[in-house]
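Participant: Before we start, here is the structure in question, set down as structure tokens.
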Amino acid sequence: LRGRPIQSHTCYAESEAGLASFGWAPLTCLTTESRKFIDTTRSEFYDLKSDPGELRNLAETESDDAEAMHEMLVDRRERMIDFAGGQLEVSESDRRKLASIGYVSGGVASASSSPGEALPDVKDMMPHYNSEVDARKLIASGRIQEAIDLMTMVSREAPSFIPARLTLGAALEAASRPAEAADVYNEAIRVSPDSADSHFAIGKLAAAEGDMATAVTHYSKVVEIDPHY
């Protein structure tokens, strides 16, 4: 802005969107003029000058340099001051928009894990996320069985990824197979008991089938989990 070069500084970045939405490991990052270190379940370390596209992870082959940047990142984090936000009233529409990008706590999926258990790495989960997006497009275009096959595979490979189970249930409903859809939703609840979306899905299906007692049970659970739902 002043017409002079800007001095290069070490930059910190983070993302907790995956954690808030799906229970995936959060990402924290430190970037220098030539190197980038990302701390997550399986750390990443890149030489930005020789590999600007970040295609070659050097975390293992250059472990000493990676560990040095990791220590710099830890130091940066330890010097930060945590800030507890106050209460803010937002509209339901805005709340859902914020939740979709990870800015509302108590989101879609629980991020809890057993002590010592690593949260899923975003590198492993993004292909499943992309497949779920593709499956919804398949349903919209009437290619129901393809969506069912795709989401069955993803649910098997990533059993904790609840959106895949919900989309599988939606595809089964579209194929007029409500009993199978109910089984899928119930399995989603077994895997993640606090998934409000799963309880809502089976409540909606039960209501459509005329089973109002089951619908009330699950809708009540939805409101218990998330009063703003």
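The values are calculated or read from the model by the stated rules, or taken from the named source; none is laboratory data. From a predicted model like this one, the values you see are computed outputs, not experimental measurements. Counting neighbours? That spans all protein chains shown, and the Cβs are built from the backbone with ideal geometry, glycine included. Remember, those area values only see protein heavy atoms, side chains included, never the ligands or the DNA or RNA. Shrake-Rupley method; radii C 1.70, N 1.55, O 1.52, S 1.80 Å.
Participant: Just checking, how many residues over region 183-229 are under 24 Å from Pro159 (Cα atoms) and among the polar types (S, T, N, Q)?
Facilitator: Result for region 183-229: 4.
Participant: Here is a further query. Consider Asp39 carefully, then state whether it is under 30 Å from Pro193 (Cα atoms), crowded, with 16+ Cβ neighbours inside 10 Å and free of Cβ contacts under 8 Å to residues at least 40 places away in the same chain.
Facilitator: Details: under 30 Å from Pro193 (Cα atoms): yes; crowded, with 16+ Cβ neighbours inside 10 Å: yes; free of Cβ contacts under 8 Å to residues at least 40 places away in the same chain: yes.
The answer is yes for Asp39.
Participant: Give just the number: which of (1) in contact with a strand residue (DSSP E or B) (Cβ under 6 Å, 6 or more places away or on another chain); (2) closer than 30 Å to Ala164 by Cβ; (3) in contact (Cβ under 8 Å) with a residue 40 or more places away in the chain; (4) not small (Gly, Ala, Ser) does Arg76 not satisfy?
Facilitator: Every listed condition holds for Arg76 apart from (2).
Participant: Determine, yes or no, whether Glu54 is under 23 Å from Ser192 (Cβ atoms) and either over 27 Å from the mean Cα position of the chain (by Cα) or open to solvent by 30 Å² or more (accessible area, probe 1.4 Å) (or both).
Facilitator: Values: under 23 Å from Ser192 (Cβ atoms): no; either over 27 Å from the mean Cα position of the chain (by Cα) or open to solvent by 30 Å² or more (accessible area, probe 1.4 Å) (or both): yes.
In short, no.
Participant: Can you find, within region 1-13, the residue that is nearest to the chain's Cα centre (by Cα) among those that are surrounded by 11 or more Cβ atoms within 10 Å (Cβ to Cβ) and free of Cβ contacts under 8 Å to residues at least 24 places away in the same chain?
Facilitator: For region 1-13, the residue satisfying everything is Ala13.
Participant: Being open to solvent by 40 Å² or more (accessible area, probe 1.4 Å) and either within 20 Å of Asp121 (Cβ to Cβ) or part of a helix (DSSP H, G or I) (or both) is true for just one of Thr61, Thr28. Which residue is that?
Facilitator: Criteria check complete, one pass: Thr61.
Participant: Still on this model: Go over the candidates Ala170, Ala179 one by one and state the one that is out of contact with any Asp or Glu (no Cβ under 6 Å at 6 or more places or on another chain), open to solvent by 30 Å² or more (accessible area, probe 1.4 Å), over 25 Å from Ala20 (Cβ atoms) and assigned to a helix (DSSP H, G or I).
Facilitator: Ala179
Participant: Within region 136-163, track down each residue that is closer than 18 Å to Ser195 by Cβ and either among the small types (Gly, Ala, Ser) or crowded, with 19+ Cβ neighbours inside 10 Å (or both).
Facilitator: Result: Met151, Val154, Ser155, Ala158, Ser160, Phe161, Ile162, Pro163.
Participant: If the Cβ limit is 9 Å and pairs must be 6+ apart or interchain, which residue in region 50-64 that is touching a residue at least 12 places away in the same chain (Cβ under 8 Å) pairs with which residue that is open to solvent by less than 100 Å² (accessible area, probe 1.4 Å) and part of a loop (DSSP other than H, G, I, E, B)?
Facilitator: Glu54/Leu48; Asn57/Ser43; Leu58/Asp51; Ala59/Ser43
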